[in-house]
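Here the structure is laid out as structure tokens; the discussion comes afterwards.
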Amino acid sequence: MRRALRTAEIAGFPDPQVTPLLKEFDYGEYEGLTSKAIHEHRPDWDLYSDGCPDGESPAQVYARANEFLALATSNQGSVLAFAHGHILRAVAIAWMGLDITAASRLALDVATMNRLVEDTHGRELALWNAP
């Protein structure tokens, strides 16, 4: 959360509302390991399908993403969110009402902008992974 807070500060938002709903995945036994290291022992492992031993399940993260969306949409106007990649992918997928496993298909680089909108076509990604 400290990095997300610092990013918000740098972007000109020095006093953001902090919510634990946007904390990163609880990686459990996989905390500190790279995906490459995990795949050496579990070649078919996928974060959004399998979750992490002694950590969060994909269903728990999806529920948290939906809770954040309920909080965000209860406000009038636009909402800015600064967070880490795995939870942001879950938020985007929850926004569109897709299965959490679809989050594996979203590339998301560091320090990118994303925009979720709701219009006459429903909920969609208007901008994703933009520098």
remark   = When every residue in region 80-131 that is surrounded by fewer than 15 Cβ atoms within 10 Å (Cβ to Cβ) and small (Gly, Ala, Ser) is compared, the one nearest to LEU22 (Cα to Cα) is ALA111
task = Among the numbered conditions (1) within 30 Å of HIS121 (Cβ to Cβ); (2) at pLDDT 95 or above, tell me where ALA11 comes up short.
result = (2)
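To keep it simple, each residue is scored yes or no on (1) among the charged types (D, E, K, R); (2) modelled with pLDDT under 95.
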position: LEU47; (1), (2): no, no
position: ASP54; (1), (2): yes, no
position: PRO58; (1), (2): no, no
position: GLN76; (1), (2): no, yes
position: ALA81; (1), (2): no, yes
position: ILE87; (1), (2): no, no
query = Does region 1-39 hold any residues that are touching a residue at least 12 places away in the same chain (Cβ under 8 Å), outside any helix (DSSP H, G or I) and either farther than 16 Å from ASP54 by Cβ or open to solvent by less than 90 Å² (accessible area, probe 1.4 Å) (or both), and which are they?
reply = MET1, ALA11, PHE13, PRO16, VAL18, THR19, LYS23, GLU24, PHE25, ASP26, TYR27
request  = Name the single residue, out of those in region 44-56 being out of contact with any Asp or Glu (no Cβ under 6 Å at 6 or more places or on another chain) and surrounded by fewer than 16 Cβ atoms within 10 Å (Cβ to Cβ), that is farthest from ILE100 (Cα to Cα).
outcome  = ASP44
query = Is at least one residue of region 62-79 free of Cβ contacts under 8 Å to residues at least 60 places away in the same chain, surrounded by 14 or more Cβ atoms within 10 Å (Cβ to Cβ) and hydroxyl-bearing (Ser, Thr, Tyr)?
reply = yes
task = May I ask you to list the residues in region 87-124 that are of a type in the set (Val, Ile, Thr) and farther than 20 Å from LEU5 by Cα?
result = ILE93, ILE100, THR101, VAL117, THR120
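The values are calculated or read from the model by the stated rules, or taken from the named source; none is laboratory data. As the structure is a prediction and not an experimental result, all values here were calculated from the model. Virtual Cβ from ideal backbone geometry, glycine too; neighbours counted across all protein chains shown. When the accessible area is computed, the model is the full protein with side chains, heavy atoms only, and any ligands, DNA or RNA have been set aside. Shrake-Rupley method; radii C 1.70, N 1.55, O 1.52, S 1.80 Å.
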